[in-house]
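Asks: Sending over a structure as structure tokens; questions will come in a sec.
The values are calculated or read from the model by the stated rules, or taken from the named source; none is laboratory data. Keep in mind that this is a model prediction, so the values were computed, not measured. Because the Cβ atoms are built from the backbone with ideal geometry, glycine has one as well, and the counts that use them run over all protein chains shown.
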Amino acid sequence: MSSDPDNNLDSMLSAELDQLSEASLLRSLRTLESPQGARVQIEGRELINFSSNDYLGLADSAELKGAAIEAIEKYGVGSGASRLICGGMSPHVELEDALADWKGTEAALSFSSGFAAAIGTIPNVVGSGDIVIIDKLLHACLIDAARQSGATLRVFSHNDLNQLESHLQWAEKKRSESSHPIRVLVVIETVYSMDGDLAPLLNLVDLKERYGAWLMVDEAHATGMFGETRSGLVEEFGVRGRVEIQMGTLGKAMGVSGGYICGSRNLIDLLINRARSFVFSTAPLPSTAATAVESVRLVRGKLGGERRSKLWAMVDEIKNVLIRVEQSVGTVRSPIIPLMIGDEQAAMDRAVELLEKGLLIPAIRYPTVARGKARLRLSVSAAHGFEESQALEAALTREPEEID
Ligand SMILES: *Cc1c(COP(=O)(O)O)cnc(C)c1O
């Protein structure tokens, strides 16, 4: 072992942590002592929770808890191995059938997380010599996946169709000059996770078709909320059958955990063979898969309709609060409402101030968003009620002496 203090891992790490702290970018963990919900308990204190992605209030629902307990009784706890070894159990297959049917695709594959789904998929669809075109605000897992693929990466400004088109034209030129086929994949989110706005999906689909590119959409924040049966924005815009790859997570509005890819039978068969995060990873818990099956059934059905109506009513209510306290708010109906601040330290200070007033609203900073674009990210849930919106209004309304 080296005793050189300059070559000591812990002191190097300590210096890095100091740097993060100086840049107001240090993060630490908070522990909830209660289930997810409109109110949560942290260190013995009850806080009003505007930080969870449990948009439909399903994570602590009697229905899903019942499904989970029943599945544990039936299938036990662990899944034993990866799906290809001995870990595939009937809830996994039932979940994939339910997802494919809901999303209107030939087939689906479940992963242990949305992150694993992204990482497992993009490098098997494109590779070195190909082209991936992504929106600037794309989630980290898709950026990592695109980088891992080895394809040439082109980024367009958020929702900027003109810039996307010029990248597609550039790709078309590359294709015409090349002696071998070049694959072109466009990757977007349908509802953006930190801005809450929507992709212009219909125009995007038209555009990628005009240039013979493929489209992968991440419906992480749209599943459960958009479309007639709430399967996502692809359904809402009526573009099923025109999107090659649909991905998402079961950990947000669906209230459970796990990721998925929906697409053609060939896509799924290839991923079963090649997606490293699928092949070399223990299958999700059978109870998690079974709970997700029940969640799909509920969200598609009457309860999902009721929860969504409640969610949109709360979103409207919260937006009215923000307008009254003179925050500018976007016009899109979305459960994610960013309160833009800019400076990292100012965002943290505001989050601490709100925490002292009993509200849990996370400050989102680099690298989740760009430097200087720090914000509070308010997420609304069907579990919220008038009391929570009143508390928010009271906390956001600064007393005259608080205004500098
Ligand atoms: C949360 C999220 C993911 C990752 O899903 P997990 O199941 O949490 O790993 C992927 N994409 C987006 C846009 C997300 O917000």
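Asks: Would you check if there is a residue in the stretch 245-265 being aromatic (F, W, Y), at pLDDT 95 or above and in contact with a helix residue (DSSP H, G or I) (Cβ under 7 Å, 6 or more places away or on another chain)?
Replies: yes
Asks: Quick check: anything in the stretch 256-271 within 13 Å of the ligand (Cβ to nearest atom), of a type in the set (V, I, T) and touching a Ser or Thr at 6+ places or on another chain (Cβ under 9 Å)?
Replies: Scanning the stretch 256-271 turns up at least one residue that is within 13 Å of the ligand (Cβ to nearest atom), of a type in the set (V, I, T) and touching a Ser or Thr at 6+ places or on another chain (Cβ under 9 Å).
Asks: Out of all the residues in the stretch 381-388, is one or more surrounded by fewer than 20 Cβ atoms within 10 Å (Cβ to Cβ) and either in contact with a His (Cβ under 7 Å, 6 or more places away or on another chain) or part of a helix (DSSP H, G or I) (or both)? Don't jump to the end; show me each part of the working.
Replies: We begin by selecting, within the stretch 381-388, every residue surrounded by fewer than 20 Cβ atoms within 10 Å (Cβ to Cβ); these are 385-387.
If we keep only those that are either in contact with a His (Cβ under 7 Å, 6 or more places away or on another chain) or part of a helix (DSSP H, G or I) (or both) too, we end up with 386-387.
Scanning the stretch 381-388 turns up at least one residue that is surrounded by fewer than 20 Cβ atoms within 10 Å (Cβ to Cβ) and either in contact with a His (Cβ under 7 Å, 6 or more places away or on another chain) or part of a helix (DSSP H, G or I) (or both).
Asks: Exactly one condition in (1) out of contact with any strand residue (DSSP E or B) (no Cβ under 7 Å at 6 or more places or on another chain); (2) in a loop (DSSP other than H, G, I, E, B); (3) on the phi < 0 side of the Ramachandran plot is not met by A220; state its number.
Replies: (1)
Yes/no matrix, rows are residues, columns are (1) within 16 Å of the ligand (Cβ to nearest atom); (2) of a type outside the set (G, A, S); (3) part of a strand (DSSP E or B); (4) in contact (Cβ under 8 Å) with a residue 60 or more places away in the chain:
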residue: K174; (1), (2), (3), (4): no, yes, no, no
residue: H180; (1), (2), (3), (4): no, yes, no, no
residue: V187; (1), (2), (3), (4): yes, yes, yes, yes
residue: S193; (1), (2), (3), (4): yes, no, no, yes
residue: M216; (1), (2), (3), (4): yes, yes, yes, yes
residue: R230; (1), (2), (3), (4): no, yes, no, yes
residue: R240; (1), (2), (3), (4): no, yes, no, yes
residue: M247; (1), (2), (3), (4): yes, yes, yes, yes
residue: N273; (1), (2), (3), (4): no, yes, no, no
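Asks: Could you please give the count of residues in the stretch 175-194 that are closer than 29 Å to L233 by Cα and not aromatic (F, W, Y)?
Replies: 12
Asks: OK, next. Among the candidates R375, R371, which residue alone is closer than 23 Å to A199 by Cα, under 25 Å from the mean Cα position of the chain (by Cα), surrounded by fewer than 20 Cβ atoms within 10 Å (Cβ to Cβ) and modelled with pLDDT under 95? Break it down into steps so the answer makes sense when it comes.
Replies: Working: R375 fails: surrounded by fewer than 20 Cβ atoms within 10 Å (Cβ to Cβ).
The unique qualifying residue is R371.
Asks: Looking at the stretch 18-42, which of its residues are small (G, A, S) and part of a helix (DSSP H, G or I)?
Replies: S21, the sole residue that qualifies.
Here is a yes/no grid of residues against (1) free of Cβ contacts under 8 Å to residues at least 60 places away in the same chain; (2) closer than 26 Å to D316 by Cα; (3) not hydroxyl-bearing (S, T, Y):
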position	(1), (2), (3)
G342	yes, yes, yes
G358	no, yes, yes
P367	no, no, yes
A383	no, yes, yes
A391	no, yes, yes
T397	no, yes, no
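Asks: Within the stretch 330-339, is there a residue that is in contact with a strand residue (DSSP E or B) (Cβ under 6 Å, 6 or more places away or on another chain) and among the basic types (K, R)?
Replies: Looking through the stretch 330-339, none of the residues is in contact with a strand residue (DSSP E or B) (Cβ under 6 Å, 6 or more places away or on another chain) and among the basic types (K, R).
Asks: Separate question: Name the single residue that is surrounded by the fewest Cβ atoms within 10 Å (Cβ to Cβ) among those in the stretch 65-78 being assigned to a helix (DSSP H, G or I) and not aliphatic (A, V, I, L, M). Even if it seems obvious, please write down each step before you answer.
Replies: First, pick out the residues of the stretch 65-78 that are assigned to a helix (DSSP H, G or I): 65-75.
Of the ones still in play, those that are also not aliphatic (A, V, I, L, M) are 65-66, 70, 73-75.
Values: K65: 15, G66: 12, E70: 14, E73: 9, K74: 13, Y75: 17.
Once the filter is applied, the top-ranked residue is E73.
Asks: Something else about it: Quick check on my filter: what residues within the stretch 195-214 are among the aromatic types (F, W, Y) and either within 16 Å of the ligand (Cβ to nearest atom) or over 12 Å from L164 (Cβ atoms) (or both)?
Replies: Residues of the stretch 195-214 among the aromatic types (F, W, Y): 211, 214.
W214, the sole residue that qualifies.
Asks: Then there's this: Answer with yes or no whether A220 is within 16 Å of I119 (Cα to Cα) and either surrounded by fewer than 21 Cβ atoms within 10 Å (Cβ to Cβ) or under 21 Å from the mean Cα position of the chain (by Cα) (or both).
Replies: Answer is yes for this residue.
Asks: Looking at (1) farther than 30 Å from A62 by Cα; (2) in contact (Cβ under 8 Å) with a residue 40 or more places away in the chain; (3) within 16 Å of the ligand (Cβ to nearest atom), find the lone condition where F280 falls short.
Replies: So F280 meets the others, but not (3).
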